[in-house]
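*Asks:* Below is a structure I'd like to ask you about.
The values are calculated or read from the model by the stated rules, or taken from the named source; none is laboratory data. A quick note: this is a predicted structure, and the numbers were derived from the prediction, not measured. Backbone-built Cβ (ideal geometry, glycine too); neighbour counts: all protein chains shown. Each accessible area value is taken on the protein alone, full model and side chains, heavy atoms only, with ligands, DNA and RNA left out. Shrake-Rupley method; radii C 1.70, N 1.55, O 1.52, S 1.80 Å.
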Amino acid sequence: MWYMSTRDKTVRVSAAEAIAQGLASDGGLFVPEVLPRFTEDQIESLCEMTYQERAVYLMGFFLRDFSFPELAEFVEQAYNEKTFDAPEIAPLVECAEDTWFLELWHGPTSAFKDMALQILPYLLTASLEKTKEEREVCILVATSGDTGKAALEGFCDVPRTKILVFYPKDGVSDVQALQMQTQAGDNVGVLSVVGNFDDAQTGVKRIFGDAALAKELNDRGYFLSSANSINWGRLLPQIVYYVSAYCDLIRAERIEVGERVNFSVPTGNFGNILAGFYAKQMGLPIGKLICASNANNVLTEFIRTGVYNRNRPFHTTLSPSMDILVSSNLERLLFLLSGGNDTETAGYMKELSEKGQYTVSPEVRAAVAETFWADFCDDARTRERIAELFEAGYLMDTHTAVAYDVLEKYRAETGDTTPTVVVSTASPYKFADSVLDALGALGDAEGLALIDKLSEVSGTTAPEPLVALRGKEVRFDRTVEAEEMTAAVRAFLV
Ligand SMILES: *Cc1c(COP(=O)(O)O)cnc(C)c1O
């Protein structure tokens, strides 16, 4: 299967090239030229498989230049009892009749980013081999918290790779900051940046566009690549858990083959929910994809009106991994929904970069509304939902609470009773301060004491890697101005 750029369909590369490059040279994102479609029979046979077998089967459709034994090996290394603390990998937990939580946070960093970033390093290093790339790759990451740690963990000491992570100084939780500051590995670097996530992301984009820097690094035997969800190798592994959740519902006899299921997804960069859209396009019987935002509700407005407008105040919220005003992966959706119109897609992106906003055509707007529904949830409501569900017996983090709240709004507004999966994207322990506060039990706890406190208050067990942070030394505590990011890359790649 070939991949093309969303801004120019004549750019045509293999899967390995798409993964090695990350971003197309015209600034577009790589998308598959055709989407495989599966039949009900195939869905039935997927039901008999383990998570790992489903991953090999589904990724195999898209990665024709990778062999079956290769993929099986990568999947086994990425999803096993050492890396994940749940044998199902992505367990479904019943919340109420017709409502489940899909827990995507049982990996090493306690957030859903592990689902893709545990396997991406294998896909990427194999892609370097396949494309006969001789230079070393330096992964640059701008993170709102979770991607950074998951990428560091995934790429830690992977041969032929280095990784440098930038996170907004005041935009991540205590636990998230500590997770990154204590990262092990000889090929890793972590810096905090003065500003918010968009400042860090803009800085990284500027570095990627810096031709002089690229040449200089090339002379030193390096090239830059991305582990942000613009990389196809990040998106693809996420399709797996939508299909897997559907199969698990069939296996548990909660739904019949062919019956529709909705998903409610806490959304920031639009990567997670886009993987759900790909699953739907491939024939998985998904009804609505419910796009849940926090106070940074640029996507709510877009899905409701067809206007994407990033010119608005940036809010720091209790769900920091969704504090985003530019959702990069939306570009792939626009390309798909405009019928693969590269000129139209490039036009929207040009308007976005020049004016900070664009309005999609009536056709695209209608196609968006057919599948997506959107609303947002503020911090006060996020707290209330956490407390309310804890009373009912389930402890969730702030991001998941946003998705849960928006699902309830959707049901109240539409009366739709379709069985629905709420995508649970982080362990409550990762945002222990906000969760404890919501439960009225924060007291004066801070730092790692928050983890013990949450365990005590909730009667649940904290994930082992978070408990283990206690004995770790802080290795990275430097802060840079956004203008110093390029210099930091130079210094890192000596
Ligand atoms: C990254 C993240 C999100 C948002 O996912 P996108 O793919 O960026 O839309 C939601 N919740 C958590 C906990 C995350 O880490």
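*Asks:* Would you pick out the residues in the range 348-358 that are open to solvent by 30 Å² or more (accessible area, probe 1.4 Å) and in contact with a strand residue (DSSP E or B) (Cβ under 8 Å, 6 or more places away or on another chain)? Explain how you work it out, then say what you get.
*Replies:* Step one: filter the range 348-358 for residues open to solvent by 30 Å² or more (accessible area, probe 1.4 Å), giving 350-351, 353-355, 357.
Answer for the range 348-358, where residues must be open to solvent by 30 Å² or more (accessible area, probe 1.4 Å) and in contact with a strand residue (DSSP E or B) (Cβ under 8 Å, 6 or more places away or on another chain): Glu351, Gln357.
*Asks:* If you don't mind, another one. Pairs, please: C-beta under 8 Å, at least 6 apart or cross-chain, first residue under 19 Å from Glu301 (Cα atoms) and in the range 343-358, second among the aliphatic types (A, V, I, L, M) and surrounded by fewer than 17 Cβ atoms within 10 Å (Cβ to Cβ)?
*Replies:* Partner pairs satisfying both residue conditions: Gln357/Val307; Tyr358/Val307.
Residue-wise test of (1) closer than 15 Å to Ile43 by Cα; (2) among the acidic types (Asp, Glu); (3) more than 12 Å from the ligand (Cβ to nearest atom); (4) open to solvent by less than 10 Å² (accessible area, probe 1.4 Å).
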residue	(1), (2), (3), (4)
Phe208	no, no, yes, no
Ile230	no, no, no, no
Val265	no, no, no, yes
Phe270	no, no, no, yes
Ile273	no, no, no, yes
Ala295	no, no, yes, no
Pro313	no, no, yes, no
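*Asks:* For Ala111, are the conditions met, namely being surrounded by 24 or more Cβ atoms within 10 Å (Cβ to Cβ), under 17 Å from Leu466 (Cα atoms) and touching a Leu at 6+ places or on another chain (Cβ under 7 Å)?
*Replies:* Numbers: surrounded by 24 or more Cβ atoms within 10 Å (Cβ to Cβ): yes; under 17 Å from Leu466 (Cα atoms): yes; touching a Leu at 6+ places or on another chain (Cβ under 7 Å): no.
The answer is no for Ala111.
*Asks:* Which condition does Leu235 not pass, out of (1) open to solvent by less than 10 Å² (accessible area, probe 1.4 Å); (2) within 14 Å of the ligand (Cβ to nearest atom); (3) farther than 30 Å from Glu351 by Cα, if it passes all the others?
*Replies:* Answer for Leu235: the failing condition is (3).
*Asks:* Condition (residue is more than 30 Å from Leu325 (Cβ to Cβ) and out of contact with any His (no Cβ under 7 Å at 6 or more places or on another chain)) applied to the range 187-196: is it met by at least one residue?
*Replies:* As a first pass, look at the range 187-196 and keep what is more than 30 Å from Leu325 (Cβ to Cβ): 187.
This time we only want the ones that are out of contact with any His (no Cβ under 7 Å at 6 or more places or on another chain), so: 187.
There is at least one residue in the range 187-196 that is more than 30 Å from Leu325 (Cβ to Cβ) and out of contact with any His (no Cβ under 7 Å at 6 or more places or on another chain).
*Asks:* Quick one: which of Ile286, Ile290 is modelled with pLDDT of 95 or more, surrounded by 24 or more Cβ atoms within 10 Å (Cβ to Cβ), under 22 Å from Ile239 (Cβ atoms) and not charged (D, E, K, R)?
*Replies:* On the way: Ile286 fails: surrounded by 24 or more Cβ atoms within 10 Å (Cβ to Cβ).
The unique qualifying residue is Ile290.
*Asks:* Quickly run through the range 454-494 and pick out the residues that are assigned to a loop (DSSP other than H, G, I, E, B) and more than 23 Å from Leu224 (Cβ to Cβ). Break it down into steps so the answer makes sense when it comes.
*Replies:* Here is the first cut: in the range 454-494, the residues assigned to a loop (DSSP other than H, G, I, E, B) are 459-463, 472-478, 481, 493-494.
Result: Gly459, Thr460, Thr461, Ala462, Pro463, Lys472, Glu473, Val474, Asp477.
*Asks:* Then there's this: Which helices (runs of 4 or more DSSP H) does the range 106-177 wholly contain that include 2 or more residues that are touching a residue at least 12 places away in the same chain (Cβ under 8 Å) and within 13 Å of the chain's Cα centre (by Cα)?
*Replies:* Details: elements: 114-117, 120-130, 146-155.
Of the helices (runs of 4 or more DSSP H) lying wholly inside the range 106-177, those with at least 2 residues that are touching a residue at least 12 places away in the same chain (Cβ under 8 Å) and within 13 Å of the chain's Cα centre (by Cα) span 114-117, 146-155.
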